Amino acid sequence: MGAAPADTLYLPVGSPVHRLPPQCKIAAVCCFVVLVVATPREAFPAFAAYALLLACVAAAGRVRPGHVLKRMLIEVPFVAFAVLLPFVAEGPRTDMLGLSVEGLWGAWNILAKGTLGVAASVLLASTTQLRSLLRGLERLRLPPLLVQIASFMLRYADVLAGELHRMRLARLSRGFDARGPRHWGVLAKTAGALFIRCYERGERVHLAMLSRGWTGTMPRSEEEAATRAEWATAACLPLLALLVCLGGWTL
């Protein structure tokens, strides 16, 4: 079975960031994002410092800037929303172009914090395999049921994509090609058929697992817990971000 589509974010290079345990990196990124969100929007130097911290992490992880920028296109819808805010928000207007002052602040707030959060997530995915991320979430005591659901989603993503591809080929072989709203009914029926097939496959997989002695918990990996040195290394990012955040509140 091939890798899940999202696993294409991972860069298989050896670096100190790659070698850190996944639970350490997950905790560090979560703390970093919380601090970024907590930073006042008026603290422009703080956001520049956050970007510099992420650039240092990318350099340590041997992640190219082009790789990060290309994967950050996922935030384009949020950028479009932020661009519209100065035109639609209420409140005092600027003398030039008549833009809303509060809308400009809101747009900056979304762009700055959203971009930093997406960049941190891309760096995490670029230096950690998805299966390792799941093991890290398990180490961090995430509810086991959620970890199992995510694990099965990852494992069967390619299977479902292949099923949808075969259904599309079947439509094309019968001369169907969706070109407008009048074909939405057929596409809705395709989605319904795909759901039924996924449900039936899930039932078969569940019965197969029960027949092999599954008791409701996934086998735990035998990986060693993270050492204090590894936790200390991962904590460098949120600790430096904390200093920047505190500095931002004093500006």
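The condition (being surrounded by 13 or more Cβ atoms within 10 Å (Cβ to Cβ) and either in the same structural domain as Pro21 (by TED's automatic domain parsing) or touching a Lys or Arg at 6+ places or on another chain (Cβ under 9 Å) (or both)) is satisfied by just one residue among Leu237, Leu194: Leu237. Looking only at residues in segment 157-180 that are touching a residue at least 40 places away in the same chain (Cβ under 8 Å) and of a type in the set (Gly, Ala, Ser), the one that is most open to solvent (accessible area, probe 1.4 Å) is Ala161. Checking each residue in segment 34-50 for being closer than 17 Å to Ala234 by Cα and open to solvent by 50 Å² or more (accessible area, probe 1.4 Å) picks out only Val34.
Counting only residues that are of a type in the set (A, V, I, L, M) and assigned to a loop (DSSP other than H, G, I, E, B), segment 169-184 holds 1 of them. With respect to Val13, is the statement that it is more than 26 Å from Leu140 (Cα to Cα) and either of a type in the set (A, V, I, L, M) or buried (at least 19 other Cβ atoms within 10 Å of the Cβ) (or both) true? No, not satisfied.
State whether one or more residues within segment 66-77 are surrounded by 17 or more Cβ atoms within 10 Å (Cβ to Cβ) and without any contact (Cβ under 8 Å) to a residue 24 or more places away in the chain. Looking for residues that are surrounded by 17 or more Cβ atoms within 10 Å (Cβ to Cβ) and without any contact (Cβ under 8 Å) to a residue 24 or more places away in the chain, one finds none in segment 66-77, hence no.
Each residue in segment 125-151 was checked for being part of a helix (DSSP H, G or I), among the hydrophobic types (A, V, I, L, M, F, W, C), touching a residue at least 40 places away in the same chain (Cβ under 8 Å) and over 18 Å from Ser15 (Cα atoms), and 2 pass. Here segment 196-217 is the region considered, the condition is being at pLDDT below 85 and among the β-branched types (Val, Ile, Thr), and the residue that is nearest to Arg139 (Cα to Cα) is Thr217.
Is it true that some residue in segment 218-230 is outside the structural domain of Arg155 (by TED's automatic domain parsing), at pLDDT below 85, open to solvent by less than 40 Å² (accessible area, probe 1.4 Å) and more than 30 Å from Leu52 (Cβ to Cβ)? The answer is no; no qualifying residue exists.
Take the conditions (1) touching a residue at least 60 places away in the same chain (Cβ under 8 Å); (2) under 21 Å from Ala27 (Cα atoms); Arg41 misses just one of them, which is (2). Screening segment 21-86 for helices (runs of 4 or more DSSP H) wholly inside it with 3 or more residues that are closer than 13 Å to Gly117 by Cβ, over 15 Å from the mean Cα position of the chain (by Cα) and not polar (S, T, N, Q) returns the ranges 22-38, 44-60. Flag: Gly114 does not match the condition of being of a type outside the set (Ser, Thr, Tyr), open to solvent by 40 Å² or more (accessible area, probe 1.4 Å) and without any contact (Cβ under 8 Å) to a residue 40 or more places away in the chain. Can you tell me which condition Arg155 does not meet? The list is (1) touching a Ser or Thr at 6+ places or on another chain (Cβ under 6 Å); (2) at pLDDT below 85, and all the others hold. The one condition Arg155 does not meet is (1).
The values are calculated or read from the model by the stated rules, or taken from the named source; none is laboratory data. A quick note: this is a predicted structure, and the numbers were derived from the prediction, not measured. In this analysis, Cβ positions are derived from the backbone assuming ideal geometry, glycine residues included, and neighbour counts consider all displayed protein chains. Accessible surface areas use protein heavy atoms only, side chains included; no ligands, DNA or RNA. Shrake-Rupley method; radii C 1.70, N 1.55, O 1.52, S 1.80 Å.
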